[in-house]
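Accompanying notes for the structure given below.
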Amino acid sequence: MNAKPVVSSATKTVTAWLIVAALAIGFSPVAQANAAEVAGSFSQGRSRLSIVGGSGYAFNETYFVLGVGASYYLLDGFNAGLDVEWWSSGDPRIVKVSPSVQYVFYQVPSMAPYLGAFYRRSYVEDLQDLGSAGGRAGVYITAGRNTYFGVGMVYESYFDCNESTYASCSDSYPEVSVTVAF
């Protein structure tokens, strides 16, 4: 896509430190209490629902983006999910469908780092569908019972990308989310 967000070297450095911190926390020894009690909203059998709203930029157009997502925790901290985004108010219209996996380092009580990977299929009106894959890293901050604010960074690389059609065949961009677990 043509999206070219501005990502400073400071943002890349912070993202690298988030990944290092997440790995360090994930591999540190944790007192083993009742697994469901420790994992809380991220425990096996729980679900996540996400709603996305905002703007995006592609094809020299600004889009209104609306999306929904859901996932299920197969293991404590580990979920598999599906997200769908609709990009409107620009031309061409775009729909993105993204199956994903994510691990949340739930051992940190008020702040839970996460790492994830995804495949994305972008359906672009009047153009060939475009596949991509990427990863994300960030942190969920407790906002209330079973509610979390998330902030992180995403890297995405497009397959079979034609740079004469698309300005770039890879993107890095920030993500902000509100997640409700049930």
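Quick check on the stretch 149-173: of everything there that is in contact with a strand residue (DSSP E or B) (Cβ under 9 Å, 6 or more places away or on another chain) and of a type in the set (Asp, Glu), which residue is surrounded by the fewest Cβ atoms within 10 Å (Cβ to Cβ)? By that ranking, first place goes to Asp160. So in the stretch 59-75, with the set limited to residues that are over 19 Å from Val176 (Cα atoms) and either among the β-branched types (Val, Ile, Thr) or surrounded by 13 or more Cβ atoms within 10 Å (Cβ to Cβ) (or both), which one is modelled with the lowest pLDDT? Taking the candidates together, the pick is Phe59. Look at (1) at pLDDT 55 or above; (2) not in a strand (DSSP E or B) and you find that Gln32 fails only one, number (1). Of the residues making up the stretch 56-77, those that are closer than 17 Å to Ser122 by Cα and either aromatic (Phe, Trp, Tyr) or in contact (Cβ under 8 Å) with a residue 60 or more places away in the chain (or both) are Tyr57, Phe59, Tyr63, Phe64. With respect to (1) modelled with pLDDT of 95 or more; (2) buried (at least 18 other Cβ atoms within 10 Å of the Cβ); (3) within 20 Å of Asn146 (Cα to Cα), the lone exception for Ile94 is condition (3). Restricted to strands (runs of 3 or more DSSP E) entirely inside the stretch 78-146, those with at least 2 residues that are more than 21 Å from Val180 (Cβ to Cβ), among the basic types (Lys, Arg) and touching a residue at least 12 places away in the same chain (Cβ under 8 Å) are 111-124. Taking only the stretch 147-175 into account, find how many residues are touching a residue at least 40 places away in the same chain (Cβ under 8 Å) and either within 18 Å of the chain's Cα centre (by Cα) or within 21 Å of Leu74 (Cα to Cα) (or both). Adding up the residues that qualify gives 8. Take the conditions among the β-branched types (Val, Ile, Thr), part of a strand (DSSP E or B) and at pLDDT below 90 and apply them to Val52. Does it pass? Spelling it out, Val52 is indeed among the β-branched types (Val, Ile, Thr), part of a strand (DSSP E or B) and at pLDDT below 90.
Residue count for the stretch 37-58 satisfying the condition of being surrounded by fewer than 12 Cβ atoms within 10 Å (Cβ to Cβ) and within 11 Å of Ser88 (Cα to Cα): 1.
Table: residues versus (1) modelled with pLDDT under 95; (2) charged (D, E, K, R); (3) under 20 Å from Leu82 (Cβ atoms).
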site: Leu130; (1), (2), (3): yes, no, yes
site: Arg136; (1), (2), (3): no, yes, yes
site: Val139; (1), (2), (3): no, no, no
site: Thr142; (1), (2), (3): yes, no, no
site: Val154; (1), (2), (3): no, no, yes
site: Asn162; (1), (2), (3): yes, no, no
site: Ser170; (1), (2), (3): yes, no, no
site: Val178; (1), (2), (3): yes, no, yes
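The values are calculated or read from the model by the stated rules, or taken from the named source; none is laboratory data. If you're wondering where the values come from, they're calculated on a predicted model, not measured in any experiment. So basically every Cβ, Gly included, is an ideal-geometry build from the backbone, and we count neighbours across all protein chains shown.
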